[in-house]
Structure formats: structure tokens, C-alpha cells
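S.K.: The structure's right below; bear with me while I get my questions together.
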Amino acid sequence: MATSEDARPDGRQARWDRHNQQRRQQILDAAIAVIEDGEPGAEFHVQQIAERAGLNRTVVYRHFADRSDLDRAVQAEILDGLWAELLPEIGLEGTIPQIVERIVATYVGWAVAHPALHRVAEQGEGTGPLQEGLTQIAGQVCEVITTAVEMLGLDLGDDERAAIDPLVFGLVGAVFGAVRRWMARPERVPAAPKLVELVTGSVWYILAGHARALGFELDPKQSVEDLVAVARTQATP
């Protein structure tokens, strides 16, 4: 039979777990600092990370199964920082072009400010932290678009409603792909503001085209709030 002492959490274990979490974060912070100090695409070594963290190399491997585990954790940490900047920008405030521009500009601005981190973040296809993050971003955009569709009172058929998910995932992937390609070019042309403008325009044309096919004309100068108000007025008998 368990006693009250058995039920109490082990204070020493809790402290040890907290210490391990702090040490792991210390290593990840050091890894990001090492990457930021180097050129985009430059190889970084565990010894560099250990020295930046003020630790022995063997201590680093106590917190990660192997180099692949460390690399994946570093990439996830970098992407967490990017997602933390992007996710708050996804919402219904402003016009549709303003919403799209807000998201694209945030991504482009982060990539330009952290080119070495961006190079690490973009590595890997199919599975891993990058795909997981893109899925999270696309999922939130899907929620926003679904909410907008319902607020505008658009009568979508089952096929159109089911297609929102794959179409949004493709659109998000296209935006990230365009920026990744732009970042990888020897010379970043056009300039960042123009790239944001062009990518925003491309997304707007796609969204406006789909809306038009559904019988709804979007006005790029109207806020989503005004669009909803107009739609409700037109729907009132």
C-alpha cells in the first residue's frame, strides 16, 4: 500500500530534471550562437558548441543521443523562434493583402536578419521540425480561412470545403519555397521589400480567383471586418 511519502514528488529528482532542462537549453543556446557567428551553410562542430556553452564535449552528449539528435534539436529550436514570430501575425485584422503581407514580411525579415539560422532551418524535407512547423502554420491559416468563409456566408460544397486544407498547405509551401530560393541565390534580387510585394500579390491573386469562382468578389482595399459586414447586409432579405 502506497504511503503519503511515496506519493510525494522526489525533490531531488525534480531538481535534477530542472538542472538537465537548463543544461540542455544552455547547449541549444550555445549552438545557435555558434551558427549565427558563422557563414550561412558553414559546418559547426560539437566542440565549438561545448566551448561556447562552457562545458566539456562529453557533457553535451549526455543530453543528446547522438549528433543527429543534437542537429534535430537545434533545428527545432531555431524554427520555434521563427514560428513564435509568425504565428501572432496570422489573424483577420486588416485587409486580405495586409494580412498576407504581414506574414510574408515577417518571414522575409527574419530570414534576412538570420541567414545562417535560416540555412539550418530549411534543411530536411518530408518529416522533421521544418515539416512539423509548416504543418502548424498551414493549420492555423486553414482555421483563419475557414472562419472567414463562415463569416462571409459563402456556400461551399463538400468538395470545395475539403479542398481548403490541401490548397492552403500548397500555398504556404509555395511562399516558403519562394523565400528559400531567394535566400539561396548569390545575389538577393529583387530587394526584400519588392519580394514581399510580389509574393503578397501572388497569394492575393490566388485567393481572389478562388473567391470569384465561388461567386464572391473580394475587394483588396476592404478590411475583412467590412467584407463580413457587406456580406451580411447582402444576405439579409
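The values are calculated or read from the model by the stated rules, or taken from the named source; none is laboratory data. Remember, predicted model here, so these are calculated numbers, not experimental data. Here the Cβ positions follow ideal geometry from the backbone for every residue, glycine too, while neighbour counts run over all protein chains shown. Calculation scope for accessible area: heavy atoms of the full protein, side chains included, ligands and nucleic acids excluded. Shrake-Rupley method; radii C 1.70, N 1.55, O 1.52, S 1.80 Å.
S.K.: Using only the alpha carbons, work out the radius of gyration and Dmax of the stretch 113-228 in angstrom.
M.R.: Looking at the stretch 113-228, its Cα Rg and Dmax stand at 16.3, 47 Å.
S.K.: Let me ask another. Going by alpha carbons, how many degrees (0 to 90, nearest 10) lie between the helix axis of 129-152 and the longest principal axis of the chain?
M.R.: So the helix axis and the longest Cα principal axis differ by about 30 degrees.
S.K.: Using only the alpha-carbon atoms, how far is helix 11-37 inclined from the longest principal axis of the chain? Give it as 0 to 90 degrees, nearest 10.
M.R.: With rounding to tens, the tilt is 70 degrees.
S.K.: I've got another one for you. The chain: percent of C-alpha pairs farther apart than 27 Å?
M.R.: Details: 13816 of 27966 pairs.
Summing the P(r) of the chain above 27 Å gives 49 percent of all pairs.
S.K.: May I ask for the distance between the Cα centers of the stretch 21-48 and the stretch 174-203, given as a whole number of Å?
M.R.: When both Cα centres are located, 27 Å separates them.
S.K.: I'd like the orientation of helix 67-86 relative to the chain: the angle between its Cα long axis and the longest Cα principal axis, in ° from 0 to 90, rounded to 10.
M.R.: Tilt of helix 67-86: around 40 degrees.
S.K.: At a 1.4 Å probe radius, carbon and sulfur cover how many percent of the accessible area of the chain? The partial results should precede the final answer.
M.R.: Details: 7210 of 13910 Å².
Here carbon and sulfur together make up 52 percent of the probe-accessible area.
S.K.: Also: So, for the chain, what is the accessible surface per residue at a probe of 1.4 Å, expressed in square angstrom?
M.R.: Details: 13910 Å² over 237 residues.
Normalised by residue count, the accessible surface of the chain is 59 Å².
S.K.: Sorted by mean Cβ packing within 10 Å, highest first, what order do the peptides 92-100, 79-87, 26-34 take? Mind dumping the intermediate values first?
M.R.: Numbers: 92-100: 18.2, 79-87: 15.7, 26-34: 20.1.
Descending mean neighbour count gives 26-34, 92-100, 79-87.
S.K.: Any idea which of I78, Q25, L55 is furthest toward the positive side of the dipole for the stretch 1-153, if Lys and Arg beta-carbons carry +1 and Asp and Glu beta-carbons -1?
M.R.: Checking the options against the dipole of the stretch 1-153, the answer is L55.
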